[in-house]
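What follows is a short report on a single structure.
The values are calculated or read from the model by the stated rules, or taken from the named source; none is laboratory data. The shown structure was predicted, so the numbers you read here are calculated from the model rather than taken from an experiment. Cβ atoms come from the backbone with ideal geometry, glycine included; neighbour counts cover every protein chain shown. SASA here: full protein model, heavy atoms, side chains in, ligands and nucleic acids out. Shrake-Rupley method; radii C 1.70, N 1.55, O 1.52, S 1.80 Å.
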Amino acid sequence: MRSGVRELMTILGIQEIADEEVGGKAKGLAELTQMGLPVPPAFVIQHAKEDDLPLDLEAHYKAIGGGLVAVRSSAIGEDGEDASFAGQYETVLNVKGIESVRLAIKQCIASLDSTRAQAYKTEQTDVGTVEMCVVVQRMVNARAAGVLFTADPVTGRHDRLVIDAVEGLGEALVSGEATPDHFALNRQNSIVHKDVVHDAQVVSDEEIAALAQGAREASEEIGSHLDMEWAIDKDGSLYWLQARPITTLSSDLNELDTPIPDDHVITRCNVGEMMPGAVCPLTWTTQGRAIEEGMQHMQVEYGGRKAVTEDWTQLNIFYGHWFINLTEGIISSRYVSVNTSETIAQGICGRSVPELKEPEGKKNILRRLWGTAQFLFYCARSGMVLAELEQRFNFMHVRYSDDSVSMERELFGKFHWLVEGSETQLRTTAGGSVMEGIVQGIVSKGKLPATPEQQSEAAKLMAGADYVESAMLVEHLDEVVDFIAAHPQAREKFQQVDSAAALAWLRSDEAGAASICFEGFLQRHGHRGYRELCLREKAWADDPEKLITTMQASIAARFVGDAHPMHHEPVDLKKLPWFLRKILPVAHNAIRRREHNKSILVEITHRLKLGYRHLGDLLVKEGKLPDADLVFFFTRCELGGFVRAPTAEKAAHAIARRKALAFHEKMDFSEISVGKPEPVVWTPSASENEGELVGRPVSRGVVEGLARVAMTVDEAAALQPGEVLIAPITDVGWTPYFSLIAGLATDVGSAVSHGAVIAREYGLPAIVNLRAATKVFKTGDRVRLDADKGVLVRIDDES
């Protein structure tokens, strides 16, 4: 240790810095210099004191060439992994002469105690003592300058390097006085996007390549993604002015991506309805893995697959979003004559997919007939397999523990229940799809694709099933709402108060029979909810306030007389042709099995949700995690290692993954991709610009009204009676709003989607698979939803 003020306040050349404490900026410049990257000559004053500058300051100033210099703060404690202090301390440019240099240094030191720096430090609770060092660096006579990030801090993408460039000094960019040229590069340093302000780029493609190459070398050497400043002088020489960690970055958004060949066709259809949005790592490696094994099991049963493996072949994940691999799915068509690229595309996407080609190597006709028989047998056994699962499920029990190791072991051992539930769900879904296809074929007289009118007629016939689990849920919820609406205190104690107060009243003795009915509903259906297969999402029973919010909207509709009662019309079989009279009851049974199986799968998921939430609480209690929610940001296999040997690094990585999920949730994708999908920025087609979309009608009728675009079930809370709901998808969590709306339009879905089934129960016109409805229309548009023809149109745009 040095002693005395003079010894502590030392000047070091940038090239002399080793392990000394010199602050983030000086350390970054030293590391760049040691790598051999071009850095303007500079020195740093350690532990600078405003009233006592080093005596040899002028000598060091002359040693770097004198003339114009930049004087920058380099505080010890800034530019760390958790807080950068970017822009909080002073930087003074174009300083000339030793007296001006001294004044600029003092200005930097004084900024240590500035109001903005102190406020920032207060917000960053983990920041300790901050001490000032000051860098003096020769100015670059810049033709162009700017900033570079080796990962995009705005989108969170680690596979994007971004560069902003302006003419002259970079200060105009930092201050916001100039709009920069913007470039985004992929991992191969190819420009994938650029916004150029003027006719010509500020920097050439060759200069961009040199910037990217140097930055990647620095990032790899330092071991973290960097925020860097650079300048190119009048002679074309590149200099690096600063390098610091990007403190706001999440974990790699592609960390859990699955490998996929470049020619494989994947889709968000179907799976995007089952699991909308992005998911946490625990959901992917439990629920996603169970579905993957269930889909592989299907191919073992009838599609020529040898065995279920650990590979991800049927289900893929990119940027936290799930995709079905159509190319892997179509492989079964080599063995099954009824499976073709067209039937699989129609079954999963509701339309043809030209990118999906028939696989090579189809087996001979006898082998394919045998495969078809195996497929039909697979579907025919769905009732028996479901009954066996239900019988054993009655004995499923999660044994709770007071230590995290035992609890994790118990939950890991219950994974097989999800696998069995998924296998049975896929079997009952396949059976339902076969029967739906038969009914559709009869209605359309074997002609494909069916017209919108024929699709609507087939949907009406399929809607005639009674005792369907999802429809019974709606009936039970309507009973609860009717009980509440009939109570004399309903308006004052339930509808006009916040959700917490409404719930408290509903669970009090004052609510009477309404309270009993509500608790009965939760006992029967409380395991259901929004995104109900996601382990992190709470079910209605665990967070009933979300359910209360939707019920309040239904109550409001009843008070103004705009509620839509359920409108279930059983099919009169006597009026149908004999072949439909025979096949329709079989199809209705298939629907009942599928919906009942879905409820069992959700209840299995719910029991595991509760177990993992308890595990999170135990990890907090044992001091292994700072908060319980982080348990969902480990993979299923990682958790076992963490509970037995926890580390701060693993906990920090879970926090970074939670940050990544926030970026994932903002991303959107095309419904069909070939190879690895890329997030898309939607641009309207000609027909979309005209405010008219065509989709698949699933519940007949025509309605006009104001549109309500709701991207999430929380946004749907703003629905007003009589509006047309336009949403990406709907699941069981949206159910309470169906008594309020006049019609339904969704971007994705099929005739057996939750929204389609419930819309038919309410007699609401509904169109699914509109693909871009939530983007083309906005809340307040007046629209006509024609579910006889499958058309959603903005009326204002009609001539």
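Give me the Kirkwood hydrodynamic radius of region 359-401, using the inverse of the mean 1/r over all pairs of distinct Cα atoms, in Å to one decimal.
After inverting the mean inverse Cα-Cα distance, the result is 13.5 Å.
What would the Debye formula give as log10 I(q)/I(0) at q = 0.16, 0.24, 0.25, 0.26 Å⁻¹ for the alpha-carbon point model of region 175-224, no solvent?
-0.55, -0.96, -1.00, -1.03
Given bins 5 angstrom wide, list per bin the percent of all Cα-Cα distances in region 427-561, short to long.
2, 9, 15, 16, 13, 11, 10, 9, 8, 5, 2, 0
Suppose we keep just the alpha-carbon trace of region 192-285; what are its Rg and Dmax in angstrom?
19.6, 58
State to the nearest 20 debye the size of the charge dipole of the chain about its Cα centre, where the only charges are +1 on K and R beta carbons and -1 on D and E beta carbons.
Once rounded to the nearest 20, the dipole reads 3100 debye.
Taking only DSSP H segments of four or more residues, each worth -39500 (n - 2.57), what value at 222 nm results for the chain once the sum is divided by all its residues, to the nearest 500 deg cm²/dmol?
So the helix-based figure for the chain works out to -12500 deg cm²/dmol.
Kirkwood hydrodynamic radius of region 14-55 from all distinct Cα pairs, in Å?
Across region 14-55, the inverse of the average 1/r is 11.2 Å.
Cross-link candidates for Lys25: which lysines have Cα within less than 23 Å, leaving aside residues fewer than 8 places away along the same chain?
Within the straight-line limit of under 23 Å, Lys25 reaches these lysines: Lys49, Lys62, Lys96, Lys106, Lys121.
Which value in nm describes the separation of the simple spin-label points at Lys574 and Val338, placed 7 Å from the Cα toward the beta carbon?
In this crude spin-label approximation the distance works out to 3.2 nm.
Give the lysines whose C-alpha is closer than 22 Å to that of Lys582, dropping any in the same chain fewer than 8 places away, or say none.
Lys445, Lys447, Lys460, Lys574
If R₀ is 51 angstrom, what is the calculated FRET efficiency for the pair His182 and Glu388, using the beta carbon separation as r and rounding to 0.05?
Computed FRET efficiency for His182 and Glu388 comes out at 0.30.
To the nearest 20 Debye, how big is the dipole of region 174-250 about its Cα centre, given +1 on the beta carbon of each Lys and Arg and -1 on that of each Asp and Glu?
280
How many percent of Cα pairs in region 324-482 exceed 23 Å?
58
I'd like to check one number: the per residue accessible area of region 246-329, probe 1.4 Å, reported in Å² as a whole number.
Heavy-atom SASA per residue in region 246-329 reads 29 Å².
Which one of Gly755, Gln374, Thr429 has its Cα pushed farthest toward the positive end of the charge dipole of the chain, where Lys and Arg give +1 and Asp and Glu give -1 at the Cβ?
Gln374
Give me Rg over Rh for region 235-353, both radii from the alpha carbons and Rh done the Kirkwood way, two decimal places.
Radius of gyration over Kirkwood radius for region 235-353 works out to 1.17.
Equivalent ellipsoid semi-axes for region 306-396, as square roots of 5 times the alpha carbon gyration tensor eigenvalues: give them largest first, rounded to whole Å.
Calculated on Cα positions only, the semi-axes equal 26, 21, 13 Å.
For a paramagnetic label modelled at 7 Å from the Cα of Asp311 toward its Cβ, which residues of region 246-280 fall within the zone defined by backbone nitrogen distances under 15 Å?
258-265
log10 I(q)/I(0), Debye, Cα-only region 759-799, no solvent, q = 0.18, 0.23, 0.24, 0.27 Å⁻¹?
Log10 of I(q)/I(0), two decimals: -0.56, -0.87, -0.93, -1.08.
Which pairs in the list Lys609/Lys666; Lys414/Lys609; Lys357/Lys676; Lys666/Lys775 are over 21 Å apart, alpha-carbon to alpha-carbon?
Among Lys609/Lys666; Lys414/Lys609; Lys357/Lys676; Lys666/Lys775, the Cα-Cα distance tops 21 Å for Lys609/Lys666.
Say the dipole of region 250-394 comes from +1 at the beta carbon of Lys and Arg and -1 at that of Asp and Glu; which of Pro359, Gly277, Ser337 then lies farthest toward its positive end?
So the residue we want is Ser337.
How do Asp199, Asp796 stack up against each other in accessible area, from largest to smallest, with a 1.4 angstrom probe?
Ranked list, largest accessible area first: Asp199, Asp796.
Report the calculated FRET efficiency for Arg782 and Ser224 (r = Cβ-Cβ distance, R0 = 60 Å), to the nearest 0.05.
Once rounded, the FRET efficiency stands at 0.70.
When the label point is put 7 Å from the Cα of Arg102 along its Cα-to-beta-carbon vector, which residues of region 20-56 have a backbone N closer than 12 Å?
Of the residues in region 20-56, 51-56 have backbone N under 12 Å from the label point off Arg102.
Output needed: percent of Cα pairs per 10 Å distance bin for region 567-701, bins running from 0 to the one holding the longest distance.
P(r) for region 567-701, in whole percents per bin: 9, 19, 19, 22, 19, 10, 2.
Which listed residue (Ile246, Val480, Phe43) has the Cα farthest towards the positive end of the charge dipole for the chain, taking +1 on Lys and Arg C-beta and -1 on Asp and Glu C-beta about the Cα centre?
With unit charges placed on the Cβ atoms, the residue in question is Val480.
I need the semi-axes of the equivalent ellipsoid of region 134-230: take the C-alpha gyration tensor, multiply each eigenvalue by 5, square-root it, list largest first in whole angstrom.
20, 18, 12
State the extension gain, in nm to one decimal, for the chain segment bounded by Glu692 and Thr647, taking 0.36 nm per residue of separation less the distance between their alpha-carbons.
10.7 nm
Report the semi-axes of the equivalent ellipsoid for region 590-649 in whole Å, largest first, where each axis is √(5λ) for an eigenvalue λ of the Cα gyration tensor.
32, 11, 8
Unpartnered cysteines of the chain (Cβ-Cβ under 4.7 Å counts as a partner)?
Cysteines lacking a close Cβ partner in the chain: Cys108, Cys133, Cys280, Cys379, Cys517, Cys534, Cys637.
Once you compute Rg and the Kirkwood Rh from C-alpha atoms, what is the Rg to Rh ratio for region 467-540?
Reported Rg/Rh (Cα atoms, Kirkwood Rh): 1.00.
Quantify, in whole percent, the carbon and sulfur part of the accessible surface of the chain (1.4 Å probe; protein heavy atoms only).
Within the chain, the accessible surface is 52 percent carbon and sulfur.
Calculate, in nm to one decimal, what Ser237 and Glu453 gain on full extension: separation in residues at 0.36 nm each, minus their alpha carbon distance.
Result: 70.9 nm gained on full extension.
Loop-only check: which GluC sites (Glu not before Pro) in region 265-321 are DSSP coil with at most 11 other Cβ within 10 angstrom?
Glu310
Jot down the per residue volume, in cubic angstrom and as a whole number, of the convex hull over the alpha-carbon atoms of region 708-766.
In region 708-766, the Cα hull volume divided by residue count equals 64 Å³.
Mind checking the full-extension length gain between Leu706 and Asn141? Use 0.36 nm per residue of separation minus the Cα-Cα distance, one decimal, nm.
Computed gain between Leu706 and Asn141 is 197.4 nm.
Could you pull the Cα extents of region 622-721 along its three principal axes, largest to smallest, in whole Å?
Result, largest extent first: 60, 39, 22 Å.
For the chain, how big is the tail of P(r) above 50 Å, as a whole percent of Cα pairs?
30
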